[in-house]
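Asker: Got a structure here, written out as structure tokens. Questions coming.
Where a number appears in this text, it was derived from the coordinates with a stated rule and is not lab data. What you see is a predicted model; the values in this text were computed from it and never measured. Don't worry about glycine lacking a Cβ; one is built from the backbone with ideal geometry, like all the others, and counts go over all protein chains shown.
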Amino acid sequence: MASPAITERDDEVLLEGLAQRVGTLHLRQRLGIEGEGEQPVVGRGRTRFHPENWVSAHRLIRLLLRLSLLYGWGQRNALDIGLTHNVVRSARLPRAFDGYRLLHLSDLHLDMNARFPHVLAERVRPLEYDACVITGDFRYRTSGSWAACLDGLSRVMPHLRQPVYAVLGNHDSLRMVPELEALGMRVLLNENVTLRRREERIYLVGVDDPHYFRADNLQQAWSGVTDGGYVVLLSHSPEIYRQAAHAGCSLMLSGHTHGGQIRLPGGVPIMTNADCPRYMAAGPWHYAGMRGYTSVGAGSSIVDARFNCRPEVTIHELRAGAGQA
């Protein structure tokens, strides 16, 4: 829903602006599905079961963790954000971009824990990189107000180096976009931007949520991209990996899975909630010549606790030379 401070006329202007970017049909479909309210536990989306929407189960899990005296431990784990360094080599990468670094954040769920925005800000503040990318899920719930989410984000953004690019996740509303961009990021809604270094360039392409809303449109997102160019794709979920690989994507960055968030000893995830091979649910992977990386996320969903799955922010270092994509 729109903020109470936004008038009907303001809302019309907001929607007109979004329609110019995504098209009237996309706007109508996306907002129509959002208007159906809280997302269901069973059905719709690319998977049949959506545990993040099972509110009564959330309460039960919290109760069980408290009774087992594990909740405090899990909460401390969820605020212990690690830094992962991922080197991506490609013969297609222009030499000018050798050593280019992307800070990758995902699944922030900024209104889940009041302490989290401060912890995240302190984690990212000293990092060195050339651009920041965020692969969706700014909000905890899948409907209702996003005011607390934006408040948390407003405390993180001053600590991120520009430029900052993002895509929406299945927890995010299309109506959030103007307010997200007012905080200093560019949200890619089946759009692309060109990153330039000296006389060379690479492309950063972003699609709307492919998991629940199925609002991704690679053909529209690829508009203007030169064939054979180095393309980094931001997609909330890795579930469109086949389409991305055969579209000519070089590197696909995703999140959504949380890496399972609560894993068995040995790091085996109980559930990843994504229609893709299990090996794509966390960390680096490759498919049909395309490199990919699925972040386990910096934030938490369902409960603000993690076990055997440390939250992360990731720096992807692009290197020119022998390699895939």
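Asker: What 222 nm value per residue comes from the helices of the chain, counting each DSSP H run with n ≥ 4 as -39,500 (n - 2.57) and dividing by all residues, nearest 500 deg cm²/dmol?
Answerer: Dividing the helical sum by the residues of the chain leaves -7500 deg cm²/dmol.
Asker: With the chain treated as a Gaussian network of Cα nodes joined by springs under 10 Å, which of Gly74, Gly266, Gly228 yields the largest mean-square fluctuation?
Answerer: Its mean-square fluctuation being the largest, the pick is Gly266.
Asker: Quick one: among Ser254, Ser106, Ser68, which has the greatest mean-square fluctuation in a GNM of the chain with alpha-carbon springs under 10 angstrom?
Answerer: Ser68
Asker: Oh, and also: For segment 296-307, what does the Karplus curve 6.51 cos²θ - 1.76 cosθ + 1.60, with θ = phi - 60°, yield as ³J(HN,Hα) per residue in whole Hz, taken in order and with x for Gly and Pro?
Answerer: Karplus-based 3J(HN,Hα) across segment 296-307 equals 7, x, 8, x, 9, 10, 6, 9, 7, 8, 9, 9 Hz.
Asker: What's the exposure ranking of Ile202, Ile270, Ile81, going from fewest to most Cβ atoms within 10 Å?
Answerer: Fewest to most other Cβ atoms nearby, the residues stand as Ile270, Ile81, Ile202.
Asker: Take every DSSP beta bridge whose two residues both sit in the chain, then give the antiparallel share in percent to the nearest 5.
Answerer: In the chain, DSSP labels about 40 percent of beta bridges as antiparallel.
Asker: Rank the residues Asp227, Asp137, Asp275 as a footprinting-exposure proxy: fewest other Cβ atoms within 10 Å of their Cβ go first. Display every interim value, and only then the final one.
Answerer: Working: Asp227 6, Asp137 30, Asp275 15.
Arranged by neighbour count, lowest to highest, Asp227, Asp137, Asp275 become Asp227, Asp275, Asp137.
Asker: Rounded to the nearest Å, what's the spacing between the alpha carbon centres of segment 282-323 and segment 72-139? Just the number, please.
Answerer: Centre-to-centre (Cα) distance: 9 Å.
Asker: Let me ask something else about it. Could you work out the longest stretch of the chain that avoids the GluC sites (Glu not before Pro) located in DSSP loops with at most 15 other Cβ atoms within 10 Å?
Answerer: Longest site-free region, per DSSP loop and neighbour criteria: 200-325.
Asker: Take Leu253, Leu233, Leu120, Leu264 and order them by how many other Cβ atoms sit within 10 Å, fewest up front.
Answerer: On the way: Leu253 28, Leu233 32, Leu120 25, Leu264 11.
By the 10 Å Cβ count, ascending: Leu264, Leu120, Leu253, Leu233.
Asker: While we're on this one: Describe numerically, in nm with one decimal, the distance between label points set 7 Å from Cα along Cα→Cβ at Asp98 and at Ala19.
Answerer: Distance between the two pseudo-spin positions: 5.0 nm.
Asker: Here is a follow-up. If amide H atoms are built 1.01 Å from N in the plane of the peptide, which residues on other chains or at least 5 residues away come under 5 Å of the amide H of Val133?
Answerer: Counting only residues 5 or more places away or on other chains, the set is Leu103, His104, Leu105, Tyr165.
Asker: Take every DSSP beta bridge whose two residues both sit in segment 123-276, then give the antiparallel share in percent to the nearest 5.
Answerer: 40 percent
Asker: Tell me, how many Å apart are the Cα centres for segment 201-237 and for segment 172-200?
Answerer: 12 Å
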